[in-house]
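Here's the structure we're looking at; comments come further down.
The values are calculated or read from the model by the stated rules, or taken from the named source; none is laboratory data. All of these numbers come straight from a predicted model, not from anything done at the bench. Glycine gets a Cβ as well: all are built from the backbone with ideal geometry, and neighbour counts include every protein chain shown. For accessibility, only protein heavy atoms count, side chains too; no ligands or nucleic acids. Shrake-Rupley method; radii C 1.70, N 1.55, O 1.52, S 1.80 Å.
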Amino acid sequence: MLKVDGDTTYCTVSHIVYGDSLQGFHWFAGDEGDSLTLESNIGYISTTPEVGFRELDVAQQVIDDISNNRQHSQY
């Protein structure tokens, strides 16, 4: 969990497409309106500062990737 100007920002996950390798311009993938974003903020992966296992159901996004013949399912 991050504190930004007194507001709490949780660790969110977005469904994105970045291809076979990551580059600097991929930093914005996941932002609303970015061309690499398939679905922004599909859920929170963490809402607490505790260390430990996290999980998020991305089954619908994987099904979407398969249906659209995407080579990767990326987040």
message: Can you find a residue that is exposed (fewer than 14 other Cβ atoms within 10 Å of the Cβ), under 13 Å from the mean Cα position of the chain (by Cα) and not aliphatic (A, V, I, L, M) anywhere in region 46-63?
response: yes
message: So for region 27-37 (the condition being modelled with pLDDT under 90, out of contact with any Ser or Thr (no Cβ under 7 Å at 6 or more places or on another chain) and crowded, with 16+ Cβ neighbours inside 10 Å), does at least one residue qualify?
response: no
field: region 45-69 residues that are assigned to a helix (DSSP H, G or I), paired with ones that are aromatic (Phe, Trp, Tyr) and open to solvent by 60 Å² or more (accessible area, probe 1.4 Å) (beta carbon under 8 Å, 6 or more apart)
entry: Gln61/Tyr75
task: Tell me, yes or no, whether region 3-26 has at least one residue that is modelled with pLDDT under 95, surrounded by 13 or more Cβ atoms within 10 Å (Cβ to Cβ), among the polar types (S, T, N, Q) and on the phi > 0 side of the Ramachandran plot.
output: no
Members of region 20-35 that are outside any helix (DSSP H, G or I) and either basic (Lys, Arg) or in contact with a Phe, Trp or Tyr (Cβ under 6 Å, 6 or more places away or on another chain) (or both): Ala29, Asp34
